[in-house]
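Engineer: Got a structure for you, questions after.
We did not get these values from a lab; they are worked out from the coordinates using the rules stated. Computed from a predicted model, the values in this text were never measured in an experiment. Don't worry about glycine lacking a Cβ; one is built from the backbone with ideal geometry, like all the others, and counts go over all protein chains shown.
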Amino acid sequence: MTTNHFEFQRKTGIILALDVTDEENAIRVTEAVADMVDAVKIGYPLVLGTGLQIVSKLSRYAPIIADFKVADIPNTDRLICEHVFKAGCAAIIVQGFTGPDSLAECVKTANEFGGKVFVVSEMSHPGGDYFFTDEISKEIAALAKKSGAFGIVAPATRPERVKELRAVIGADLKIISPGVGAQGGSAADTIKAGADWVIVGRSIYNAADPKAEAEKVKSEIEKLI
Ligand code: 3DU
């Protein structure tokens, strides 16, 4: 059994969403911003582009969160989680609408590897609240807590929802929030609403100077303290 020695610690409050699709860019951007981010989130764009072995190359710089939005029957969920944690990821993002048994299997598998599970409670894009109504999002957040997840994913584009979901989960679970920058959300508003980390992708990795861009977000968050 592999154990990921991963302290999910908040230093800057930023998670980089690394949706570039080739290894050279992935390493270039990660190297540039490693001091500015607490973790790097990877997903289908990078893993399909480069293979899962990219995890061992990037985890030298930061803990890696696998954003596969896992949403299947418990057995398939377990097989996916095992691959992710064996590859060296520190955490995985899963969907919560699959229900308690699927979620329980993800948490159980993560625990076997010393890894963490984040549950998507509501998505950040304009259509994200089409099916995920306020009540359903809250139920998913409550289920995430009951299932022993480490945290939830809540939309930085709707800070008022971050606040409501924080009220549902209390102080024990973490909130990571995508939607800052390219999708129009503000890092400061999202952290003020109760998020522990903002997730920032395009506005950092597409910038001419990714480090300077990450520094801007970092200082925006620091001003709140
Ligand atoms: O919009 P950005 O480029 O900053 O990237 C946001 C990242 O977060 C991206 O990887 C996307 O797939 C992920 N994400 C959301 O944007 C919204 C969600 O509700 C969940 C994940």
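Engineer: Mind checking which of T12, T50, T30 has the largest fluctuation in a GNM of the chain, springs on alpha carbons under 10 Å?
Structural biologist: Of the options given, T50 has the highest mean-square fluctuation.
Engineer: Separate question: Anything over 29 Å Cα to Cα? Flag those among K146/K216; K57/K146; K116/K218; K86/K138; K11/K116, in the order listed. Can you show the working numbers first?
Structural biologist: On the way: K146/K216 36 Å; K57/K146 34 Å; K116/K218 24 Å; K86/K138 32 Å; K11/K116 18 Å.
From the list (K146/K216; K57/K146; K116/K218; K86/K138; K11/K116), the Cα-Cα distance tops 29 Å for K146/K216; K57/K146; K86/K138.
Engineer: Another one. Quick check: from the Cα gyration tensor, does the range 35-77 come out rounded (a/c under 1.5), prolate or oblate? Before the final figure, lay out each step's value.
Structural biologist: Details: a/c = 2.46, a/b = 1.75, b/c = 1.41.
It comes out prolate by the Cα gyration axes.
Engineer: Here's a follow-up. Would you mind estimating how fast the range 22-124 diffuses translationally, via Stokes-Einstein at 20 °C and 1.002 mPa s with the Kirkwood radius over Cα pairs, in µm²/s?
Structural biologist: Numbers: Rh = 13.9 Å.
Rounded to a whole number, D works out at 154 µm²/s.
Engineer: Also, quick follow-up: For the chain, what does -39500 (n - 2.57) per DSSP helix run (n ≥ 4), summed and divided by total residues, give at 222 nm, in deg cm²/dmol to the nearest 500? All intermediate terms of the calculation are to be shown ahead of the outcome.
Structural biologist: On the way: 10 runs with 97 residues, N = 225.
Theoretical 222 nm ellipticity from helices: -12500 deg cm²/dmol.
Engineer: Taking +1 at the Cβ of each Lys and Arg and -1 at the Cβ of each Asp and Glu, which of P45, V33, P63 sits farthest along the dipole of the range 21-94 towards its positive end, judged by Cα position relative to the Cα centre?
Structural biologist: Result: P63.
Engineer: Next question. Can you sort Y130, Y205, Y61 by how many other beta carbons sit within 10 Å, fewest first? Display every interim value, and only then the final one.
Structural biologist: Details: Y130 9, Y205 23, Y61 17.
Sorted ascending by nearby Cβ count, the order is Y130, Y61, Y205.
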